[in-house]
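I have placed the structure first, in the form of structure tokens, so that the comments after it can refer back to it.
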Amino acid sequence: MQSKLPNVGTTIFTVMSKMAQDHGAINLSQGFPDFDCPDRLKELVSHYLDDRKNQYPPMAGIPELRQEIAKKVSSYYGFTADPETEITVTSGATEALFDAIHATVTNGDEVIVFDPAYDSYVPAIELAGATAIHIPLLLPHYAVDWNKVKDLITDKTRLIIINTPHNPTGSIFQQQDLDNLAELIRDRNIFVLSDEVYEHMVFDGNTHRSVLCHPELAKKSFAVFSFGKTYHATGWKLAYCLAPKELSLEFRKVHQFVTFTTSSFVQYAIADFLQECPEHVLELPRFYEAKRDHFCQLMADTNFRFTPSKGTYFQLVDYGEISQLPDVEFVNYLTRDQGVAAIPLAPFYETPPATTIIRFCFCKDDATLERAAEILRKL
């Protein structure tokens, strides 16, 4: 059988997590917390499981949850969304990204992605018959080269995928980035897919710049968010997408034949939790900024070089003073021989640059970070 994705293997996150497990290494690779989600949220999940909320919910998500999402985006971004026609609950953000891509592009279309790009984007583009146009982010701050974007937009360009806060680099968009993007696609048949799953992990007094805050972009964008990231429950695979009515209509056509719907009792629980515990989201930036600061302090007297992350729960480090091995080989060595797993950046690039930079995940208990740093200090 001929493969539809001949260049795609097992995702680097699965590879490194398995390697960490096989070698008993501390897993600072895959982005999931080693601490639990809020107790009240677990109580609500148990309540609705016992309350027989076990059958198919509506395809777009239960009305109660979509209404709470609408309240949230109104409060945070000043954006008014119609819960009935503009909000769709999905089985994780990866599904929402896939649905948006397949709702938008087809054979012969081009999609602009920024490298290093989250690894689900390009396979979804290729499965839709479209072509990914890769634009490397500018080092050392991983900024978008908007002049390069302008040069590479063609009549075939149908979608531009942005990600802020950015995985794997931790960079964030500023207002000027949104303005530049809006100017480039104005009066063109080009849409935006905005991956904003780390929306509440922005540090140092900065503000998350959502496409929903930009009236011009909001009319042409799919904005994707994650409950799993926000509530420390990545295994629940619950996310949502906001898009204008006509885009949501096409999005739902794909969604209904990918997963159709998402676990009902978890939806009811999160709807209640959004209403009962708004302080969780308010406290999240400070919570993860403290995690970042603790990890950076632990790493300060190592031979790794870094600039503190601006967002997400990832920290890039340069290991060039330790080794000149390629990043994939270095993380294999680090996991196998030293007992700490990380993620290389090469798998996120079409053409990897000649850098010695890897990604650590700091959404871990302090004790986990401290044990890892004790090992890393010896390198």
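Counting only helices (runs of 4 or more DSSP H) that fall entirely inside the stretch 46-139 and contain at least 1 residues that are among the hydroxyl-bearing types (Ser, Thr, Tyr) and in contact with a strand residue (DSSP E or B) (Cβ under 8 Å, 6 or more places away or on another chain), the qualifying elements are 93-104, 121-127.
Examine the stretch 106-119 for a residue that is within 17 Å of Leu345 (Cβ to Cβ), among the aromatic types (Phe, Trp, Tyr) and surrounded by 22 or more Cβ atoms within 10 Å (Cβ to Cβ), and state whether such a residue exists. Yes: one or more hits. The C-beta contact set for the stretch 306-333 (first residue over 16 Å from Gln30 (Cα atoms), second residue among the acidic types (Asp, Glu) and surrounded by fewer than 22 Cβ atoms within 10 Å (Cβ to Cβ), distance under 7 angstrom, 6+ apart or interchain) comprises Phe306/Asp318; Lys310/Asp204. Restricting attention to the stretch 20-45, the residues being more than 24 Å from the chain's Cα centre (by Cα) and among the basic types (Lys, Arg) number 1.
Evaluated against (1) without any contact (Cβ under 8 Å) to a residue 24 or more places away in the chain; (2) assigned by TED's automatic domain parsing to the domain that holds Pro168, Glu43 falls short on exactly one condition, (2).
Starting from residues that are within 24 Å of the chain's Cα centre (by Cα) and either among the aliphatic types (A, V, I, L, M) or farther than 21 Å from Phe260 by Cα (or both), keep the ones in the stretch 46-67 and report whichever is surrounded by the fewest Cβ atoms within 10 Å (Cβ to Cβ). It comes out as Met59. Could you go through the stretch 68-78 and let me know if any residue there is aliphatic (A, V, I, L, M) and more than 19 Å from Lys245 (Cβ to Cβ). No; the residues of the stretch 68-78 include none that is aliphatic (A, V, I, L, M) and more than 19 Å from Lys245 (Cβ to Cβ). If the condition is being in contact with a Phe, Trp or Tyr (Cβ under 8 Å, 6 or more places away or on another chain), in contact (Cβ under 8 Å) with a residue 60 or more places away in the chain and within 16 Å of Thr302 (Cβ to Cβ), then the stretch 341-371 contributes Ala342, Arg359, Phe360, Phe362, Leu369.
Taken over the stretch 95-151, residues that are touching a His at 6+ places or on another chain (Cβ under 7 Å) and farther than 18 Å from Val8 by Cα amount to 2. The test for being in contact (Cβ under 8 Å) with a residue 12 or more places away in the chain and within 18 Å of the chain's Cα centre (by Cα) holds for Phe98. I'd like the full set of residues that are under 20 Å from Gly31 (Cα atoms) and aliphatic (A, V, I, L, M), limited to the stretch 131-172. Those that are under 20 Å from Gly31 (Cα atoms) and aliphatic (A, V, I, L, M): Ile162, Ile172. The set of residues in the stretch 204-232 that are on the phi > 0 side of the Ramachandran plot and either in a helix (DSSP H, G or I) or in contact (Cβ under 8 Å) with a residue 24 or more places away in the chain (or both) comprises Asp204, His232.
The values are calculated or read from the model by the stated rules, or taken from the named source; none is laboratory data. Note that the structure is predicted; figures quoted are calculated from it, not measured. A quick note on method: Cβ atoms are made from the backbone with ideal geometry, for glycine too, and the neighbour counts reach across all protein chains shown.
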